[in-house]
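The values are calculated or read from the model by the stated rules, or taken from the named source; none is laboratory data. This structure is a prediction, so every number in the text was calculated from the model and none was measured. So basically every Cβ, Gly included, is an ideal-geometry build from the backbone, and we count neighbours across all protein chains shown. Just the protein is used for accessible areas: all its heavy atoms, side chains included, with ligands, DNA and RNA removed. Shrake-Rupley method; radii C 1.70, N 1.55, O 1.52, S 1.80 Å.
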Amino acid sequence: MPAEWEPHAATWLAWPHYHGDWPGKFEPIPWVHAEIVRNLARHERVELIVNDAAAERQVRKLLDKANALATNVRFHRWPTNRVWMRDSGCAFVKHDSDLLATKFRFNAWAKYSNWRHDEKIGTLMAKTANAQEIRPLSHDAHVVLEGGSIDVNGCGTLLTTEECLLSKVQQRNPGMSRKDYEKVFADYLGALHTIWLGCGIFGDDTHGHVDDLT
């Protein structure tokens, strides 16, 4: 798995729509996303996920007002529950000259009940990118893992937290041990060395994601 600062062809985003993630503060959020799209599209393709055709029409109007509707913004009409693509999307990895899509399971941080649309997103991404989908297993079970729970340096080292992956609170994979996770990281992400931090940032509802720190 490459480091996130390495060159890449595109950034995947999903358009915000679930007001519950920004209670009482949703109004400016679409404009913030429009600004993100505007800046990204100056340099690379933006793969933008919207819920349906009606949502695409609304998003196009807003992006046009924000001077962010570029030719390299590509729309995908796929329903989502939430928009945290780092967590629900697949992780693209390199194997020799091939592009693979590592598709972990997603269950909304073992906390929320609305995740079934998001669980399908990684597979749709893989098909769109013409990447072979790989589903990581541990003891014959499809492993749950969010992208925000790990960070890699692209040279074989991975960073994560015990709070997120080893705690029985919001437990992603009951029965999986430290060694089990390290084997999955090595086999599917090419990370032979795992650094375990104790905790993430207090109060984060993911219970310990390392991407708050790195």
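Per q in 0.14, 0.20, 0.26 1/Å, what log10 I(q)/I(0) does a Debye calculation on the alpha-carbon atoms of region 2-41 return?
-0.43, -0.71, -0.90
Taking every pair of distinct Cα atoms and averaging 1/r, then inverting, what Kirkwood hydrodynamic radius in Å comes out for region 160-213?
Kirkwood hydrodynamic radius for region 160-213: 11.6 Å.
Give, in nm to one decimal, the length gained when the segment between Cys155 and Ala70 is fully stretched (0.36 nm per residue of separation minus the Cα-Cα distance). Walk me through the numbers on the way to the answer.
Details: separation 85, 0.36 × 85 = 30.60 nm, distance 3.41 nm.
Here the segment from Cys155 to Ala70 would lengthen by 27.2 nm.
For the chain, set up a Gaussian network in which alpha carbons nearer than 10 Å are linked by springs, and say which option among Thr11, Thr123, Thr80 fluctuates the most.
Maximum fluctuation in the GNM of the chain, among the listed residues, is at Thr11.
Check which residues have an amide H placed less than 5 Å from Leu145's amide H, if you skip close sequence neighbours.
Arg105
How many nm is it between the label spots at Ala54 and Lys111, if each spot is 7 Å from the Cα in line with the beta carbon?
Between Ala54 and Lys111, the label points sit 3.0 nm apart.
Once both labels are modelled 7 Å past Cα along the beta-carbon direction, what's the Ser167-Asp96 spacing in nm?
In this crude label model, Ser167 to Asp96 measures out at 4.2 nm.
Simple spin-label model, 7 Å along Cα-to-Cβ: Asn39 to Arg178 in nm?
That separation, rounded to one decimal, is 3.8 nm.
Kindly provide the pair-distance distribution of region 27-118 built from C-alpha pairs, with 10 Å bins from 0 and whole-percent values in order of increasing distance.
Here the calculated profile for region 27-118 is 15, 39, 34, 13, 0.
What's the longest piece of the chain with no exposed GluC sites (Glu not before Pro), counting a site as exposed if DSSP puts it in a loop and it has at most 15 other beta carbons within 10 Å? Intermediate results must be reported in sequence, preceding the final value.
Working: sites that count: Glu4, Glu44.
By the stated rule (loop sites, at most 15 other Cβ atoms within 10 Å), 45-214.
With a 1.4 Å probe and every protein chain kept in, tell me what percent of the accessible surface of the chain is carbon plus sulfur.
52 percent
With every protein chain present, what accessible area does His95 have (1.4 Å probe, heavy atoms only), rounded to the nearest 10 Å²?
In the full protein context, His95 sits at about 100 Å².
In whole angstrom, how far apart do the alpha carbon centroids of region 84-144 and region 23-48 sit?
Going from one Cα centre to the other spans 23 Å.
Please list log₁₀ I(q)/I(0) at q = 0.15 Å⁻¹ for region 77-204, using the Debye equation with identical point scatterers on the alpha-carbon positions.
-0.70
Helix-only estimate, please: 222 nm mean residue ellipticity of the chain, summing -39500 (n - 2.57) across DSSP H runs of length 4 or more and dividing by its residues, to the nearest 500.
-8500 deg cm²/dmol
Multiply the residue separation of Asp204 and Arg135 by 0.36 nm, subtract the distance between their alpha-carbon atoms, and state the gained length in nm to one decimal.
Details: separation 69, 0.36 × 69 = 24.84 nm, distance 2.72 nm.
Net length gain for the segment: 22.1 nm.
Any idea what the relative contact order of region 141-214 is, in percent, if you count C-alpha pairs under 8 Å spaced at least 6 apart?
Relative contact order for region 141-214 comes out at 40 percent.
Any chance you could tell me what percent of the C-alpha pair distances in the chain go past 33 Å?
Numbers: 3429 of 22791 pairs.
Tail of P(r) above 33 Å: 15 percent of Cα pairs.
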